[in-house]
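Below is one structure, written out as structure tokens, with a few remarks after it.
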């Protein structure tokens, strides 16, 4: 499987994105840290976050109870970058309600695979 093939690359990047979610579900700060660039920037409804903010949320354990990724799309941004966008349905660890966000994550090719450099979560409009 070549990551020059858009379909193969979508599978590779989706697996990496799911690993970020799985780190949030399991509370695995080391796994989250390994997936994010030191220059990571997150743009969220409550403001900006760096890598330390994203990883630091796991200092007290899992933050997500469950998640599902839907409507996954990949946009190639050149040979070294890809944008993965999707609809995320999830439930926070301490919440009773599910939430829906549209997520866009930029992944950069690194020497040992792909690393997340940017992510933006946009809340879905109420239905």
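Nothing in this text is a laboratory measurement; each read-out follows from the coordinates by a stated rule. Just so we're clear, the structure is a prediction, and the values are computed from it rather than from any experiment. Positions of Cβ are backbone-derived with ideal geometry, glycine not excepted, and every protein chain shown enters the neighbour counts.
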Problem set entry | Value at 222 nm in deg cm²/dmol, rounded to 500, when DSSP H runs of n ≥ 4 in the chain each add -39,500 (n - 2.57) | -8000 deg cm²/dmol
Exercise. How would you classify region 1-123 from its alpha-carbon gyration tensor, with a ≥ b ≥ c the square roots of the eigenvalues: rounded for a/c under 1.5, else prolate if a/b is greater than b/c, otherwise oblate?
Worked result: prolate
Exercise. Arranged by the count of other C-beta atoms within 10 angstrom, fewest first, what order do 64, 12 take?
Worked result: 12, 64
Seminar exercise, completed: With Cα springs under 10 Å, the Gaussian network model of the chain assigns the largest mean-square fluctuation among 95, 31, 82 to 95
For this session: Please give the contour-minus-distance gain from residue 127 to residue 111: 0.36 nm per residue of separation, less the Cα-Cα distance, rounded to one decimal in nm.
Result: 1.5 nm
Exercise. According to a simple spin-label model (label point 7 Å from Cα along Cα-to-Cβ), what is the distance in nm between residue 26 and residue 75?
Worked result: 3.2
